[in-house]
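The values are calculated or read from the model by the stated rules, or taken from the named source; none is laboratory data. Treat the numbers as computed from the prediction; the structure is a model and nothing was measured. Here Cβ is always computed from backbone atoms with ideal geometry, including for glycine, and neighbour counts include all displayed protein chains.
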Amino acid sequence: MTISINVNGEDHPIEADPDTPLLYVLRDNLELNGAKYGCGLGQCGACTVHVDGKAIVSCLMPVGALGQRQVRTVEGLGTIQKPNVVQKAFQDEQAAQCGYCIAGMIMRAQALLDRVPSPTEEDIRLHMQPNLCRCGTHARILRAVQRASRELSLTMAKGEVQ
Ligand code: FES
């Protein structure tokens, strides 16, 4: 069956069973491999993307349930040459060890900062809780989100748009 989904601002007609998890469609049909398969059970956050600005686990989202909602993946934030503020902060804090969880971490952090540009440490800890890092770089991830928040505040103070 043909389903149309909007990912990173573009409409994509895809051939898939409506029950197919969004994660599989992103990776297999659209070759957007940032979101990762970790547990397939909604318990690790490696597959986190945004749907209408909210962080969701794409392994549990049937593609047929999306309708007109907009999907954003880590590929929609920035590029290797031009990372966005959150991606750059994760690089600068060297938040990745093996890197498997990082796209999901960045998407969850981005969803928080889109809503709350200056979160407290507790806000960040609570918001990031569903995403797991088996390498244990949580302290660096926390610093990366704090760095991104500071950068965004500076950008807003200067009146620049990101
Ligand atoms: Fe989706 Fe683990 S793969 S939450």
query = Quick one: what pairs do we get from region 117-132, first residue within 16 Å of the ligand (Cβ to nearest atom), second modelled with pLDDT under 95 and polar (S, T, N, Q), C-beta under 6 Å, 6+ apart or different chains?
reply = none
ask   = What about Glu31, is it farther than 21 Å from Cys133 by Cβ and away from the ligand (no atom under 16 Å from the Cβ)?
value = yes
ask   = Restricting attention to region 53-87, and to residues there that are closer than 18 Å to Ile3 by Cα and assigned to a helix (DSSP H, G or I), which single residue is farthest from the ligand (Cβ to nearest atom)?
value = Gly64
query = touching a residue at least 40 places away in the same chain (Cβ under 8 Å) and either assigned to a strand (DSSP E or B) or of a type in the set (Val, Ile, Thr) (or both): does that describe Val25?
reply = no
key: Residues of region 135-162 satisfying the condition of being at pLDDT 85 or above and among the aliphatic types (A, V, I, L, M)   = Ala139, Ile141, Leu142, Ala144, Val145, Ala148, Leu152, Leu154
query = Among the listed residues Cys39, Cys44, which satisfies the condition of being within 15 Å of the ligand (Cβ to nearest atom) and over 16 Å from Ile141 (Cβ atoms)?
reply = Cys39
task = Examine region 96-115 for a residue that is on the phi < 0 side of the Ramachandran plot and touching an Asp or Glu at 6+ places or on another chain (Cβ under 9 Å), and state whether such a residue exists.
result = yes
query = Condition test on Pro18, is it farther than 22 Å from Gln146 by Cα and touching a helix residue (DSSP H, G or I) at 6+ places or on another chain (Cβ under 8 Å)?
reply = yes
ask   = Taking the stated definitions as given, is His50 under 13 Å from Arg69 (Cα atoms) and either assigned to a loop (DSSP other than H, G, I, E, B) or without any contact (Cβ under 8 Å) to a residue 24 or more places away in the chain (or both)?
value = no
